[in-house]
Ligand code: GLN
């Protein structure tokens, strides 16, 4: 116990000394830096939301969001740290000023527009429901008394919530898409709600799921890059400018086709 206290005392002293000497903690305080030329933005993202962000077989963090951000950052000359936190955690980090922006296949919704400023839309998406291929559930009518999996804070979860009373199912929540899928694979939940492009990618990769409902009409929302309302305008402007240039040059299509071609 005394060893711990003296360690704290030492760290406190060390931090105090660093502050007294005016040592800048470069890279640790991105949000508070006033020199925009050397600022490193903290950008938060999901952990596993392929093809938008995921870890590939060679253990690299890749995806459409990851590549778009890299190409835009290179073009517009801003530096950033990409932090893979999970969707709900990424939005919470933005909300509490721990992150400057979010890029995470984040849907642009009217409700979110009250709190965040979004870039131009960069990808169209909608919610779907998927089940284990070959199972009994063919649609919402088969969900009575069953459990359904959803991911915290997502449009998929909101969609599930809007249907649960009508169809009489219960929702189990997860923080990450793979955990939500696992709950269906093990049979605890009979279905999950996910963004269609992500589920379709998973099905193509052989995840053993099947899409049985597509909410194109009520739950279509394109993805955008988000900052806190009224904050980091220069970053948002740079993102929009870079995105437009990537679209004009054909590089946007190249990035998308790299994952979906
Ligand atoms: N597009 C969905 C949303 O914004 C899900 C995003 C995600 O799970 N990364 O709610």
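Any read-out appearing in this document is the output of simple, stated calculations on the displayed coordinates, not a laboratory observation. The shown structure was predicted, so the numbers you read here are calculated from the model rather than taken from an experiment. Backbone-built Cβ (ideal geometry, glycine too); neighbour counts: all protein chains shown.
Quick one: work out the % antiparallel among DSSP beta bridges in the chain, nearest 5. Among the beta bridges of the chain, antiparallel pairing accounts for roughly 55 percent.
Computed log10 I(q)/I(0) for the chain at 0.15, 0.17 Å⁻¹: -1.06, -1.25, from the Debye equation with unit scatterers placed on every C-alpha and solvent omitted.
For residue 74 and residue 231, a Förster radius of 30 Å and the Cβ-Cβ distance give a FRET efficiency of 0.85, rounded to the nearest 0.05.
So what's the angle, to the nearest 10 degrees on a 0 to 90 scale, between helix 2-20 and the longest Cα principal axis of the chain? Relative to the chain, helix 2-20 is tipped by roughly 70 degrees. Rounding to the nearest 10 and keeping the result within 0 to 90°, find how far the Cα-based axis of helix 64-76 lies from the longest principal axis of the chain. Orientation of helix 64-76: about 30 degrees from the principal axis.
How far, in degrees from 0 to 90, does helix 233-249 lean away from the longest principal axis of the Cα atoms of the chain, to the nearest 10? For helix 233-249, the angle is close to 60 degrees.
Hey, quick one: spin label on residue 170, modelled 7 Å out along Cα-Cβ, who in the range 121-162 has an amide N within reach, i.e. under 14 Å? Output list for this probe position: 144-150. Compute a Gaussian network model of the chain, connecting alpha carbons closer than 10 Å, and tell me which residue from 202, 73, 134 fluctuates the most. Among 202, 73, 134, the largest mean-square fluctuation in the Gaussian network model of the chain belongs to 134. With each label modelled as a point 7 angstrom along the Cα→C-beta vector, the residue 109-residue 220 pair spans 1.8 nm.
The GNM of the chain, with springs linking C-alpha atoms under 10 angstrom apart, assigns the highest mean-square fluctuation among 176, 214, 234 to 234. Average 1/r across all pairs of distinct alpha carbons in the range 106-258, invert it, and you get the Kirkwood radius: 16.7 Å.
Mark the label point 7 Å from the Cα of residue 182 along Cα→Cβ and return the residues of the range 51-95 whose backbone N is within less than 16 Å of it. Those under the cut-off are 55, 86-87.
Most tightly packed first, judged by the mean number of other beta-carbon atoms within 10 Å of their residues, the peptides 114-126, 163-175 read 114-126, 163-175. Dividing the convex hull volume of the alpha-carbon atoms in the range 27-136 by its residue count gives 143 Å³ per residue.
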